[in-house]
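Comments concern the structure below.
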Amino acid sequence: MKTEEGVNFNTLNDLYSAIKLNGINIYGTGYVAKRFVTCLKKLDFFKYVKNFVVTNAVNISYEGVEVKTIDSLNSKSELICIAVHESSKDEIITLLQKKGFTNFVWIYPFLWRMMCGNPVLQKIQVPLKNIWIANKDYYLFAFRYLAIEQFYGKNSYGFDIYLKCLSLFQSLDSAEKRLHQFIKLIESYDKQGYNQTCPSSILENNLVIDGTHRIALNMYHHNTYAVCDIFSNSIDYFSVHDEKTLIPKSVFQSFDSHTKDKLNDANYNLAVQFEG
């Protein structure tokens, strides 16, 4: 069914059927698009990709497939899979609507089930202590924690460190959009509290695959749990995400001394909070 927000696919099988029927154009060539391509190849669906689409073409091909600008697509009726993070979604949907496209879908909400299958448990209250312990050797919560602190006026460097960490695995422009989205999430939390209808996604071993910002907010505000969908441990985390998203110690060592000190301070504060 088509709406102002594009095509509404009720299930993954509906999406798969549409892909096989007429093929797709993938909007984006960044981090989310890379993950989507991995899924398509695993399903033997990559053969249905007609073009990659971007607002302003720089490369002539991606993954061996032609890259086109949105204005050079042959038909406004072809299915476009928008493969970008939430921070860029609305901008692209508005552009497509202005240019007369209605046959599009934002792929991100389907992505984790494409990669990990259906969750073994849904909307479970998971103790934040368990999530912290599983991820404490990394810095994925630390740089988000520092950004939250700056929002509340407790430091002057959190946003810069946030951008530095996100820029390890995406463009600075995308990182800045995600920071803007994160600030909106913090503001929403202040006004409405924790939105439990929007679960994070974790593996059974408590490694986080989506919703890290929401979990970090809960940690900062000293909540005791996060609502999560839980996926099987049979999935290798690094088949879902690039290792850099965790900010492992091997990547951490590349930072300047100020950044390392502040990330270590944030991790220490979280360790005290959850481990005493």
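The values are calculated or read from the model by the stated rules, or taken from the named source; none is laboratory data. The model shown is predicted, which means the values in this text are computed figures rather than measured ones. We place every Cβ from the backbone using ideal geometry, glycine too, and count neighbours over all the protein chains shown. Surface areas here come from the heavy atoms of the whole protein model, side chains and all, with no ligands, DNA or RNA. Shrake-Rupley method; radii C 1.70, N 1.55, O 1.52, S 1.80 Å.
Of all the numbered requirements in (1) among the polar types (S, T, N, Q); (2) within 23 Å of R178 (Cβ to Cβ); (3) surrounded by fewer than 16 Cβ atoms within 10 Å (Cβ to Cβ), S87 misses one, and that requirement is (3). Selection within region 62-75: residues that are open to solvent by less than 60 Å² (accessible area, probe 1.4 Å) and not in a loop (DSSP other than H, G, I, E, B). The member of this set that is nearest to K89 (Cα to Cα) is I70.
Tally up the residues in region 30-55 that are among the β-branched types (V, I, T), farther than 18 Å from N13 by Cα and either open to solvent by 20 Å² or more (accessible area, probe 1.4 Å) or part of a helix (DSSP H, G or I) (or both), please. Residues that pass the stated criteria total 3. Scanning region 200-222 for residues that are of a type in the set (S, T, Y) and over 22 Å from R35 (Cα atoms) returns a single hit, Y220. Within region 220-234, restricting attention to residues that are of a type in the set (A, V, I, L, M) and closer than 13 Å to N206 by Cβ, the residue that is least open to solvent (accessible area, probe 1.4 Å) is A226. Looking across region 9-29, the residues that are of a type outside the set (F, W, Y), touching a Leu at 6+ places or on another chain (Cβ under 9 Å) and surrounded by 16 or more Cβ atoms within 10 Å (Cβ to Cβ) come down to A18, I19, I24, N25, I26. Considering region 91-111, and only residues there that are of a type in the set (A, V, I, L, M) and within 16 Å of N10 (Cβ to Cβ), the residue that is surrounded by the most Cβ atoms within 10 Å (Cβ to Cβ) turns out to be I107. The set of residues from region 103-134 being within 18 Å of V240 (Cβ to Cβ) and among the basic types (K, R) comprises just one member, R113. Within region 138-187, which residues are polar (S, T, N, Q) and either without any contact (Cβ under 8 Å) to a residue 40 or more places away in the chain or outside any helix (DSSP H, G or I) (or both)? Q150, N155, S156, S167, Q170, S171 - these are the residues of region 138-187 that are polar (S, T, N, Q) and either without any contact (Cβ under 8 Å) to a residue 40 or more places away in the chain or outside any helix (DSSP H, G or I) (or both).
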